[in-house]
Each structure stands twice: as structure tokens, then as C-alpha cells.
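The values are calculated or read from the model by the stated rules, or taken from the named source; none is laboratory data. Small disclaimer: the values here were computed from a predicted structure and weren't measured. Cβ atoms come from the backbone with ideal geometry, glycine included; neighbour counts cover every protein chain shown.
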Ligand SMILES: O=P(O)(O)OC[C@H]1O[C@H](OP(=O)(O)OP(=O)(O)O)[C@H](O)[C@@H]1O
Ligand SMILES: Nc1ncnc2[nH]cnc12
């Protein structure tokens, strides 16, 4: 039977719904403010080094963020919170800085950790892929038995620039049949278009802060 949406509802139910909506609004607004504060804190904790490793590149050095217990914890908490309480089987970390973040995230989510390494470093049977990055080309690999088909995996690295590295890692994981929940980074260099590369492969991208330029 047709029921007008509002008129026949109990006024107490309407009031309860209104309060609930207000609470959500308040909470998300609160979270928005917290996020801006966290973003400034994380941005300030990163050291920028011009012309490293090549002229024209501003190297975004996260060692300063990692060395500060408060900002290291904040970054990990922010990367973890959307997945807290959800089932994640493995965190795949990209060598080298993705290992530091990925290990901490895996611990928080009670997930396993899978290293994606530069070629020639892993001792057992591997799958390998060539990839290009902002300042060169290389090859990366992972152990063939590191991921079982259908496992839920989060890919982690410190920074996405051209997206060549993360794209290579995504392709390796997809080859192994991983169900990639998301790819997470502290830093995005949006002008270099990495996010779009991953999204074109059907991967959700989550980043905490952005820097202009290279
Ligand atoms: O989006 P892209 O253009 O591919 O660049 C991003 C990659 O570059 C950096 O690693 P780097 O290659 O410098 O290796 P490292 O962590 O071993 O120093 C960074 O940690 C990412 O892995
Ligand atoms: N500008 C940059 N800073 C740090 N790591 C990077 N990897 C690619 N580009 C980078």
C-alpha cells in the first residue's frame, strides 16, 4: 500500500531520524577538521630536497616523518582506519619505503606481509615485471606462492608519482589472482598522473597528502 513518506510517520521516529542525520553531519565535519590538521602535521614532517637524485626532482624524504614517533603513528593510523575491522589477508609493500609502512599496517590489521622487491633479492621462485618510474626503469618481483588467488590485499608505498612502480606491483598482484582492496600511499604527486594509472586498472587509490610538481 502507498504511504506518504513523512506525514504518516510517528513524530518521535522523525525526531530520532533527524538527530541521527545531525550526528552523522557533526561526525563527518569533525573528521574533516581532524584530517586537515593531520595533513598539515604530515606535510610539515616531510623534508623536501631539491635536485635529488636528479636536477629538477624535489625529493620528498619521509625519514623525518618516520623518525618522529607522533607523525609515524599518525600516518599509520590514517592509512589503517578505513580498513579497521574489515578482512584483509595481506599487505603488499613495495621496496624499500613501502616495507616500513606496510609492516606497521600489517601488524595493525593482523594481516600477513608480502615484500615486492627489486629483482634478484628474493630467494625462492618469483614472478617478475619491468616497470618505469620517475627517474629510470627497473624490474620488480614477488614470490610465486606469496598470494593465493582471491586473497584480499592492500598495496602500500610511501609515494605515488608517475605510478609506474605501483602499476607494476598491481599487475604482479593481479597476475597472482589477488583481490586488491586498495593501494595506499602517504604522498601523491598528482601532476605526474600515477593515481589515474592505478584507477585504470580498477584499483582504488588512497593518499593522505599532495605536493605540487615533481
Ligand atoms: O610512481 P613512481 O614514479 O613509480 O615513483 C614512486 C616510487 O619511487 C620511490 O621509490 P624508489 O624507486 O626511489 O625506490 P627506493 O624506495 O628503493 O628508494 C617511491 O618510494 C616509490 O616506490
Ligand atoms: N619526488 C620524489 N620524492 C621521493 N620519492 C620519489 N619517487 C618518485 N618521485 C619521488
In the range 186-197, is there at least one residue being in contact with a helix residue (DSSP H, G or I) (Cβ under 9 Å, 6 or more places away or on another chain) and more than 12 Å from ligand 1 (Cβ to nearest atom)? no
Which residue pairs have Cβ atoms under 6 Å apart, sit 6 or more places apart or on different chains, and have a first residue in the range 39-58 that is in a loop (DSSP other than H, G, I, E, B) and a second that is at pLDDT below 95? 54/135; 57/214
Looking across the range 118-143 at residues that are in contact (Cβ under 8 Å) with a residue 40 or more places away in the chain and part of a loop (DSSP other than H, G, I, E, B), the single one that is surrounded by the fewest Cβ atoms within 10 Å (Cβ to Cβ) is 135
Are any of the residues in the range 52-63 crowded, with 18+ Cβ neighbours inside 10 Å and away from ligand 2 (no atom under 16 Å from the Cβ)? no
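More than 16 Å from ligand 2 (Cβ to nearest atom), in contact (Cβ under 8 Å) with a residue 60 or more places away in the chain, surrounded by 17 or more Cβ atoms within 10 Å (Cβ to Cβ) and within 21 Å of residue 204 (Cα to Cα): is that true of residue 156 in this structure?
Spelling it out, it is not the case that residue 156 is more than 16 Å from ligand 2 (Cβ to nearest atom), in contact (Cβ under 8 Å) with a residue 60 or more places away in the chain, surrounded by 17 or more Cβ atoms within 10 Å (Cβ to Cβ) and within 21 Å of residue 204 (Cα to Cα).
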Which condition number in (1) under 21 Å from residue 78 (Cα atoms); (2) at pLDDT below 95 is the one that residue 183 fails? (2)
Is there a residue in the range 191-200 that is within 13 Å of ligand 2 (Cβ to nearest atom), part of a helix (DSSP H, G or I), more than 27 Å from residue 77 (Cβ to Cβ) and touching a strand residue (DSSP E or B) at 6+ places or on another chain (Cβ under 7 Å)? no
Considering (1) touching a strand residue (DSSP E or B) at 6+ places or on another chain (Cβ under 7 Å); (2) under 26 Å from residue 52 (Cα atoms), say which one residue 120 fails and leave the rest. (1)
